[in-house]
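The values are calculated or read from the model by the stated rules, or taken from the named source; none is laboratory data. Fair warning: this is a prediction, and the values are worked out from it, not measured in the lab. Virtual Cβ from ideal backbone geometry, glycine too; neighbours counted across all protein chains shown.
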Amino acid sequence: MDVKGNASQKNVVMTILICFLIALIEGIDLQSAGVAASGVREHFSLDKSALGMFFSAAILGLLPGGVIGGRLADRVGRKKILIFSVALFGIFSILTAVVTTYNGLLFARFMTGVGLGAALPNLVALASEAVSEKARGRAISLMYCGMPIGGVVISLLASTSLSEDWKVIFYVGGILPLLVIPLMMWFLPESRAFLATQNQQQNTPQISFKDLFNQHFRTPTILLWIGYFFTMMVVYMLLNWLPSLFMELGFEKKVANSIMMFFSLGAFLGTVILGVLVDRWKMQHVIILMYSGIVLGLLALNLFETLYAMYFAAALVGCFTIGGQMVLYALGSQIYPAKIRGTGVGTAMTVGRFGAMAGPAIAGQVLIMGSGATGLIATSIPGIIVAAILILILLSTMKKRQNIDPINS
């Protein structure tokens, strides 16, 4: 893997490794709500609508987290904001297990989401800026594959006797990030690209949100936002509701959790493979493969019935939904230069999370209406098709203007 300028191989390895660990912990936290759902529902006596709000609370917190975290990172540094973000979601994950009221539960999940949302754009920025442009896809995929591995960890935890107490899941998701903070403080280097832009900006105007809509970035920004919205709506709907949907289809809880482990394993493989393809294929081809895979996976979930077939279907969906998220993050890092990368990627993630927030809540309402698991999965497909079309239009726009506008600098 090529490194930028005089950045040492050691710094690259430490950056990717620490970002990988944080992504792994984020993967645990993001799926903890879905795994703990039955225990939370019983403890707080929640109906499906209230449970949907529980799922959506953390996603709602991702919205201000992504915007503020990305914006502050472009001003004060990726490392500082990442450390603060990790501390935030660690503390409030622990508090999720401590609260005694439903409103307290929602607030704890919301603040956990703020920390998670602020962390992710900085992980993407640090990974992408540690290496050359030609290795950016692989760097982001190596970092981001921690997410599905975290999903495997939480699925394994859910299959043990420890998961009988739902609070254990949130304690694990809270203690682990607090343990990583010293490693970040001592060993995580600040982005050299950020430091370089800070030196350049001493004599130039400060970057602001309105720069996302200047003549260079206006069209790519809008198309990227809408593509993120529909893609993440489906991803988070699946992350939160799949364990419950599998049980509705007749699988026991332990079997449903084992199916989710295959979802996470597929996500790991998809993240790594698609990351390599981002660096070696044209982005258009990667996008077509990714969205086609998501649709095929959703169809497989609806059509397959046997356990082993469901293992395959879950792995297929995990491969292209979670791996596809990584592709979109890599695309965002290509669109925006270093001086505005945190703001651009963080804001796009935030817009996408409006879809992520809406997804679980809409799923709860669809299930209340009696559509069932198969109906819910089928309603996800049109959104994926819309996202694919818009992202392909974005890539076409970028290709036409790449010799004129510096969107890939």
(Q) Can you tell me which residue is nearest to G69 (Cα to Cα) among those in region 180-210 that are surrounded by fewer than 12 Cβ atoms within 10 Å (Cβ to Cβ) and at pLDDT 85 or above? (A) M185
Q: Under 7 Å between Cβ atoms, at least 6 apart or on separate chains: pull out the pairs that start in region 129-143 with a residue that is aliphatic (A, V, I, L, M) and at pLDDT 85 or above and end on any residue that is buried (at least 24 other Cβ atoms within 10 Å of the Cβ) and not in a helix (DSSP H, G or I).
A: A139/A130
Q.
Among the residues of region 330-340, are any within 28 Å of A58 (Cα to Cα), at pLDDT below 90 and not in a helix (DSSP H, G or I)?
A. yes
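Looking only at residues that are hydrophobic (A, V, I, L, M, F, W, C) and farther than 23 Å from I175 by Cβ in region 45-60, which one is farthest from the chain's Cα centre (by Cα)?
Taking region 45-60 as the starting set, the residues that turn out to be hydrophobic (A, V, I, L, M, F, W, C) are 46, 50-51, 53-55, 57-60.
This time we only want the ones that are farther than 23 Å from I175 by Cβ, so: 46, 50-51, 53, 60.
Working: L46: 27, A50: 24, L51: 21, M53: 19, L60: 14 Å.
Checking each candidate, the answer is L46.
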Q) Does I94 qualify as being more than 20 Å from the chain's Cα centre (by Cα), part of a helix (DSSP H, G or I), at pLDDT 85 or above and surrounded by 18 or more Cβ atoms within 10 Å (Cβ to Cβ)? A) yes
**Q.** All positions within region 131-146 that are in a helix (DSSP H, G or I) and within 16 Å of P121 (Cα to Cα)
**A.** R136, G137, A139, I140, S141, L142, M143, Y144, G146
Q) When region 363-409 is examined, which residues are found to be under 21 Å from the mean Cα position of the chain (by Cα), assigned to a helix (DSSP H, G or I), at pLDDT 75 or above and crowded, with 18+ Cβ neighbours inside 10 Å? A) G383, I384, A387, A388, L390, I391, L394
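Which residue out of V76, V67, V13 is surrounded by fewer than 24 Cβ atoms within 10 Å (Cβ to Cβ) and touching a helix residue (DSSP H, G or I) at 6+ places or on another chain (Cβ under 9 Å)?
Of V76, V67, V13, the one residue that is surrounded by fewer than 24 Cβ atoms within 10 Å (Cβ to Cβ) and touching a helix residue (DSSP H, G or I) at 6+ places or on another chain (Cβ under 9 Å) is V67.
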Q: Working only within region 281-340, note down all residues that are among the small types (G, A, S), under 20 Å from A127 (Cβ atoms) and surrounded by 23 or more Cβ atoms within 10 Å (Cβ to Cβ).
A: G323, G324, A330, G332, S333
